[in-house]
Amino acid sequence: MTQHPILEIKGLHKRFADHHVLRGIDFSVAPGERVAIIGGSGSGKSTFLRCMNFMETPSEGEVWLDGTRIGTERNGRVTYPEKQLCSVRERLGMVFQQFNLFPHMTVIQNVMEGLVTVKGMPKAEARRIAEAELAKVGLSEKHDAWPGRLSGGQQQRVAIARALSMQPEVLLFDEPTSSLDPELVGEVLRVINTLAGEGRTMLLVTHELGFAYHFATKVIFLADGVFHEVGTPDEVLKNPQKPRTQDFLRRFGEFAF
Amino acid sequence: MNYTPDFSVVWANWPVLLRGLVVTIEIWLPSIAMGLAGGFLIAQARLSRRRWLSGGSLVYVELFRDTPVLIQLIWFYYAFPILVGVQLSPFAAALLGLTLNTSAYASEIFRGGIKSIHRGQMEGALAIGMSRAQAMRRVILPQVVKRMLPAFTNRTIEVAKMSSLASVISVHELMYQGRLLSSTYYRPFEILTAVAFIYLVLIYPGTFLAGRLEKHLARSS
Amino acid sequence: MTYSWDFRPVLEHFDMLALGLLNTVKIAAVSIVLGVLVGLVLAMMRLSSRRWLSWPAAVFVEFYRNTPPIVHFFWFFYAFPVLLSVSMSPYVAAVLALSTQSGAFYAEVFRGGIVSVERGQWEGGRALGMTHAALMRRVIVPQAVSRMVPPFIERSFELLKTTALASTLAYADLLYQAMLVNSETSRPPEVYTTIALMYLVLLVTASQLARLAEARLTAYQ
């Protein structure tokens, strides 16, 4: 890795009450990298992802975006001004397990919302971009539908279009297919795959190990709040060195590479 | 604000307030007990297949819910005795008004609770040869009571608050004594504030309990 | 029942009752508007993460929920003026009592609506880079409002009934006017039955109108 990292994490800890979820993580992503994060439930993989755009506030540690430290440190205490967090989140797109579309807005309004409200773009221009993003995820004919009327797979594709509309520098996917019926998983993974082909920087928390193998340039196995094993998909998924990783992969059973 | 409150008047008249509180409880608890019993009967009538029963009870419920309770008390004190030709003491009129009012609200709680039980439960009980009354007692009510508990607790709180309106028809309960004392000693701030706090102490445990019950039920379902 | 009804004396004084009805509607409308303002401020305070803001608001709300309305009327009419050494008209005291009371309940309605919006909606907006204010305005409040409508209507309906207590301060509302008519005609059954029906018509009309408004405001769901 010769390139200067777009996103860098140093010494990250996260505690919830007396539960120590993340226990010291160092991590960096170079532009164009695609990282798959795997691990058992409760391993802290979602929390880790959510610390990047401050959906969770880190208990300890530093987050750097494109060479800038996020937050201001004073007397050993770090505070995160709202203005700074907003601009960080504007640059990092996130796709949630539960979609989190706005039910009181139509599909196109959902995709336009960030452009109009956050970027202050004129509506006509926002609409043009939103239409293009919806075409990309194959939902051109659903512009004026209410999200509640769409299937889970369609809702998740709208959510991806909403994240893409902001032209984010990094895309964060938090188990994007975990709440979908099995027959709807494919359509969402195909869209994510298309994005991979465009050379975008992406982080994906997933249980779909087969997809992770083809998708990722780097795989991280998280256990007990630390990076237990890190490497290429072949190294981690096919020839894991550590017993814990081997055990995890065995329990997940056969998956098609 | 240069008024200096002097609460000694409250301590000096503590027995009077306490007597008022006893009368408040004497209206409150019987009204809620009889109101629940009446409400159960009215709920049965509301759910009856006989039109005159269900229609009549609907009119009853709406009459009591869609008029101010103060009007009801005044009506039972000033109008009702003339119509039936009997003397009613203020206490009896208040008890009658609050009981009938509580019956109307309680019947809606019962009805909602009973309707929320799946029809299959009644059918299952009837299918093994139970009478409707047996099915109600053995199968439906035990399931319903737990679900209705928060609503009943809330109703109990409301009746405690309503009982203060009996002061308007000169029942010698807490609010009445408070008004009397505050005009006698011309210390309305101290006395009315004390009365408010006595009500708070009386009612707050119920609110607290209702909140806990609701949380508990939300978790267990 | 041998009482012979005669509504003519009451109907002769109907203009007095009509004025009372008008005053009842007026005080209810003013108190709803002011109550909404009080409720908004209290709800924002309660939702704040700063303890010195949320705590006093919680105490205020709990105090009102756990004390009878009539205490508030008398407190504002007799106690409050002593404290500030000002004089207080029945109208102002009644409006203060009604709007602080309903404000306390409205605060819970508003807060409940905001809190009921799922966490995912906050996260969805935040992840786009929205500020707290923009998120509230564009995402949370629009969804919360439609959920606030039914309990808001219920509370306003209760307020409309509670206005009858203003008569105890000699504010010329429907009940107070009825008492005047009664002292002129000495026909309590006719007078109090008439105003009970007037309240019934007023409240049923109000709830029908509210239901229409509710259907419109909650259309998208």
What is the residue count in region A:151-171 for residues that are open to solvent by less than 10 Å² (accessible area, probe 1.4 Å) and free of Cβ contacts under 8 Å to residues at least 40 places away in the same chain? 1
Show me the helices (runs of 4 or more DSSP H) entirely contained within region B:36-116 in which 3 or more residues are touching a residue at least 12 places away in the same chain (Cβ under 8 Å) and in contact with a Leu (Cβ under 7 Å, 6 or more places away or on another chain). B:69-74, B:90-116
Whether any residue in region A:157-178 is of a type outside the set (A, V, I, L, M), farther than 21 Å from C:E123 by Cα and in contact with a helix residue (DSSP H, G or I) (Cβ under 6 Å, 6 or more places away or on another chain) is what I want to check. no
Considering region B:62-79, residues that are surrounded by fewer than 22 Cβ atoms within 10 Å (Cβ to Cβ) and more than 20 Å from C:F7 (Cα to Cα), and then whichever is farthest from the other protein chains (Cβ to nearest Cβ), we arrive at B:F64
From A:V118, A:V88, residue being open to solvent by 10 Å² or more (accessible area, probe 1.4 Å) and aliphatic (A, V, I, L, M): A:V118
Return the residue satisfying two criteria in turn: it lies in region A:122-163 and is away from chain C (no Cβ under 14 Å) and of a type in the set (A, V, I, L, M, F, W, C), and of such residues it is nearest to A:G197 (Cα to Cα). A:V137
What pairs come out if I take residues in region A:75-87 that are on the phi < 0 side of the Ramachandran plot and pair them with residues that are among the β-branched types (V, I, T) and part of a loop (DSSP other than H, G, I, E, B) whose C-beta lies under 7 Å away, six or more apart or interchain? A:Y80/A:T57; A:Y80/A:I70; A:E82/C:T131; A:Q84/A:I70; A:C86/C:T131
Subset tally (residues that are of a type outside the set (D, E) and within 14 Å of another protein chain (Cβ to nearest Cβ)) for region B:140-167: 15
Which condition does B:F91 not pass, out of (1) modelled with pLDDT of 95 or more; (2) open to solvent by 40 Å² or more (accessible area, probe 1.4 Å); (3) closer than 23 Å to C:L200 by Cβ; (4) more than 13 Å from every other protein chain (Cβ to nearest Cβ), if it passes all the others? (3)
Condition test on B:A196, is it in a helix (DSSP H, G or I), touching a residue at least 24 places away in the same chain (Cβ under 8 Å) and not acidic (D, E)? no
For the condition more than 30 Å from B:S89 (Cα to Cα) and surrounded by 17 or more Cβ atoms within 10 Å (Cβ to Cβ), what is the one hit in B:L149, B:L174, B:L180, B:L192? B:L149
Total residues in region A:91-109, condition buried (at least 24 other Cβ atoms within 10 Å of the Cβ) and more than 9 Å from chain C (Cβ to nearest Cβ): 1
State yes or no: is B:L202 part of a helix (DSSP H, G or I), under 21 Å from B:L17 (Cα atoms), in contact (Cβ under 8 Å) with a residue 40 or more places away in the chain and open to solvent by less than 20 Å² (accessible area, probe 1.4 Å)? no
Quick one: in region B:185-219, of everything that is more than 14 Å from B:F152 (Cβ to Cβ) and of a type in the set (V, I, T), which residue is nearest to the other protein chains (Cβ to nearest Cβ)? B:I203
Yes/no for B:R187 being open to solvent by 50 Å² or more (accessible area, probe 1.4 Å) and within 18 Å of B:S116 (Cβ to Cβ): no
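Do the conditions hold for B:I109, that is, is it open to solvent by less than 70 Å² (accessible area, probe 1.4 Å), of a type in the set (A, V, I, L, M) and closer than 16 Å to B:L41 by Cβ?
Details: open to solvent by less than 70 Å² (accessible area, probe 1.4 Å): yes; of a type in the set (A, V, I, L, M): yes; closer than 16 Å to B:L41 by Cβ: yes.
Considered against the rule, which asks whether it is open to solvent by less than 70 Å² (accessible area, probe 1.4 Å), of a type in the set (A, V, I, L, M) and closer than 16 Å to B:L41 by Cβ, B:I109 comes out as yes.
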Within region C:107-120, is there a residue that is on the phi > 0 side of the Ramachandran plot, part of a loop (DSSP other than H, G, I, E, B) and either without any contact (Cβ under 8 Å) to a residue 12 or more places away in the chain or β-branched (V, I, T) (or both)? no
Filter region B:168-184 down to the residues that are closer than 16 Å to B:V23 by Cα, within 7 Å of another protein chain (Cβ to nearest Cβ) and of a type outside the set (A, V, I, L, M, F, W, C) and list them by number. B:R179
Does B:A135 meet the test of being out of contact with any Gly (no Cβ under 7 Å at 6 or more places or on another chain), of a type outside the set (S, T, Y), under 30 Å from B:V23 (Cβ atoms) and open to solvent by less than 10 Å² (accessible area, probe 1.4 Å)? no
Pair list, Cβ under 9 Å, 6 or more apart: region A:120-133 residue in a helix (DSSP H, G or I), other residue surrounded by fewer than 18 Cβ atoms within 10 Å (Cβ to Cβ) and basic (K, R): A:A126/A:K119
Looking at this structure, is B:M130 away from chain C (no Cβ under 14 Å), open to solvent by less than 40 Å² (accessible area, probe 1.4 Å), more than 23 Å from the chain's Cα centre (by Cα) and within 19 Å of B:S48 (Cα to Cα)? no
Where residues in region B:10-24 are touching a residue at least 40 places away in the same chain (Cβ under 8 Å) and in a helix (DSSP H, G or I), which of them is nearest to the chain's Cα centre (by Cα)? B:T24
How many residues of region C:84-110 are more than 15 Å from C:F63 (Cα to Cα) and open to solvent by less than 30 Å² (accessible area, probe 1.4 Å)? The answer is 5
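The values are calculated or read from the model by the stated rules, or taken from the named source; none is laboratory data. Quick caveat, the model's predicted, so the values are computed rather than measured. Don't worry about glycine lacking a Cβ; one is built from the backbone with ideal geometry, like all the others, and counts go over all protein chains shown. Accessible surface areas use protein heavy atoms only, side chains included; no ligands, DNA or RNA. Shrake-Rupley method; radii C 1.70, N 1.55, O 1.52, S 1.80 Å.
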